[in-house]
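The values are calculated or read from the model by the stated rules, or taken from the named source; none is laboratory data. The structure presented is a predicted model; accordingly, all values stated were derived computationally and were not measured. All Cβ positions, glycine included, derive from the backbone under ideal geometry; neighbour counts span all protein chains shown. Calculation scope for accessible area: heavy atoms of the full protein, side chains included, ligands and nucleic acids excluded. Shrake-Rupley method; radii C 1.70, N 1.55, O 1.52, S 1.80 Å.
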Amino acid sequence: MSTSDLPKDGKKSSKTSDKAKAAPSRAGGARPPPAGARKGPPGTPPARRAPVRAPTSRPRGPREDYPTVQAFVAIGANLGDAEAAVKAAMTAIGALQRTQVTARSSLYRSEPVDAEGPDFINAVVAVRTGLDAEQFLVALQRLETQAGRERPFPNAPRTLDLDLLMHGNSVIDTPTLTLPHPRMRERAFVLKPLAEIAPDKVPRAALARVTGQVVKRIV
């Protein structure tokens with residue numbers, strides 16, 4: 001700028017000074033818009049980012065999500081409120097881990113066979129279980145203990161008796177477990193409720209052999 005461009009008082013024009021103040025500094029450069037910012041006409045509000053949700057735990061799947069086998073359990077009791085004990089056992093078996101009751105027989109009354117005490121209340125349940133035979137047996141024995149089962153002598157009266165009759169196609173013969181149950185076809189109090197819920201598991205000839213045993217359906 002030459003001296004002739006200056007005003008007479010020797011000072012620069014105030015407009016020029018104001019423009020210089022308003023111009024952005026190029027030292028640092030203009031800041032780029034944040035990544036993902038929406039481009040639009042002036043005055044457009046910035047886009048809102050979706051809130052980050054905390055990971056949630058995966059819900060537990062239904063019991064059918066694991067491999068299962070069909071099993072049958074005979075239930076009996078002849079001490080205390082035997083009918084209530086048998087009904088409670090049906091519910092307790094269905095609450096076992098990885099186990100679901102799929103069928104329940106009626107309740108039957110029978111005289112003790114190879115046992116002592118009052119008449120028994122009997123029933124049979126069918127289940128689907130993901131427990132193997134030994135695990136299932138242990139779980140059933142735990143339910144017997146919780147119901148106050150004691151074994152002071154062989155064939156003693158009992159508050160609850162749970163017999164594993166069949167577990168899939170398992171054939172087992174150990175000191176603690178024999179499958180199928182070795183005496184199930186000799187007992188009408190097992191065969192009649194079993195035939196009610198799984199007739200294909202009970203041969204007619206087996207039912208004919210136990211006709212002399214008195215078993216009455218009560219519920």
> So is residue 134 surrounded by fewer than 18 Cβ atoms within 10 Å (Cβ to Cβ), among the charged types (D, E, K, R) and closer than 22 Å to residue 172 by Cα or not?
Replying inline: yes
> When you go through 85, 103, 92, 123 one by one, which is the residue that is within 22 Å of the chain's Cα centre (by Cα) and crowded, with 18+ Cβ neighbours inside 10 Å?
Replying inline: 92
>> residue 74 - would you say it is within 19 Å of residue 187 (Cβ to Cβ), aliphatic (A, V, I, L, M) and open to solvent by less than 30 Å² (accessible area, probe 1.4 Å)?
In response: yes
> Restricting attention to region 190-203, and to residues there that are touching a helix residue (DSSP H, G or I) at 6+ places or on another chain (Cβ under 9 Å) and open to solvent by 60 Å² or more (accessible area, probe 1.4 Å), which single residue is farthest from residue 75 (Cα to Cα)?
Replying inline: 201
> Looking at this structure, is residue 160 touching a residue at least 60 places away in the same chain (Cβ under 8 Å), surrounded by 14 or more Cβ atoms within 10 Å (Cβ to Cβ) and farther than 26 Å from residue 65 by Cβ?
Replying inline: yes
> Restricting to strands (runs of 3 or more DSSP E) lying wholly in region 92-149: which have 3 or more residues that are closer than 15 Å to residue 72 by Cα?
Replying inline: 99-104, 120-129
